[in-house]
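Have a look at the structure below, then the notes.
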Ligand SMILES: Nc1ncnc2c1ncn2[C@@H]1O[C@H](COP(=O)(O)OP(=O)(O)OP(=O)(O)O)[C@@H](O)[C@H]1O
Ligand SMILES: [Mg+2]
């Protein structure tokens, strides 16, 4: 097989692969979505049964205790199914956020600890400037973890070795919270700045980056009512600022 033919074949293969992934994503998202409604009803009914059983609790029946145990099992298994459908929807990137009170500093620290060991090997220092008085925000913790991890990974990649990643949290204007992740890495050329959030835009060699990281982060932050801004100096480093509303109602930037 000569070179051009092989290249065409590779391209076709890749196209097919991405079409397959998209189809799997759509299918699983569809199923997950359909299963979520009956799951929610089962959980509600099981909770109602728990309440009723509690009322009967004083009567000291062995069967009653067993019944309580069974209903508890139902609730636990339903929660497990819900977690699975959540992961499937995540894969398809179509999961609606699950809004709960979130401690931003703690989420960041958890993710920082994950990358810090590897970073140390490359002589990359991670500096924390957390605002310890930061209020809780209403957001989606697992999705925020995913976003923070993506930014930290990009920052360490941009440095390669010997450098500093600085993470700052602070109160922003408009009842919001800023998470600033800056690095002393290679920086981003001005003509790339408008493309970095596009799906499949990557400057990494084939096999090392899909170019999906920032586009996924961008989608998540928009759905959480926030925004991302970037400031970069070629050869000096890059600073990303993620701004999140303190409450879901504010949705300050969704349409900015
Ligand atoms: N901190 C950074 N410093 C310099 N360039 C960056 C930084 N973060 C992102 N980029 C640029 O933006 C591009 C897109 O980033 P994105 O995270 O979307 O994809 P990726 O890192 O290339 O691949 P992956 O899908 O594995 O995340 C990168 O290839 C890089 O050129
Ligand atoms: Mg990336």
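Throughout, read-outs are computed from the coordinates displayed, never taken from laboratory work. Quick caveat, the model's predicted, so the values are computed rather than measured. Reconstructed Cβ throughout: ideal geometry from the backbone, glycine too, with neighbour counts over all protein chains shown.
Work out, in µm²/s and without decimals, the Stokes-Einstein translational diffusion coefficient of the range 107-256 at 37 °C, 0.692 mPa s, Rh from Kirkwood over C-alpha pairs.
Approximately 209 µm²/s, per Stokes-Einstein.
What's the percent breakdown of Cα-Cα distances in the range 143-193 across 5 Å bins, shortest bin first?
It works out to 5, 17, 22, 22, 19, 11, 3, 1, in whole percents.
Assuming R0 = 22 Å, can you tell me the calculated FRET efficiency for the pair residue 33 and residue 212, based on Cβ-Cβ distance, to the nearest 0.05?
0.50
If the label point is 7 Å along Cα→Cβ of residue 234, which residues in the range 174-205 have backbone nitrogen under 14 Å from it?
186-194
Could you give the nm distance between label points at residue 45 and residue 203, where each point is 7 Å from its Cα heading toward the beta carbon?
The two pseudo-label positions are separated by 5.7 nm.
Please state the shape class of the range 92-179: rounded when a/c is under 1.5, otherwise prolate if a/b exceeds b/c and oblate if not, all from the C-alpha gyration tensor.
It comes out oblate by the Cα gyration axes.
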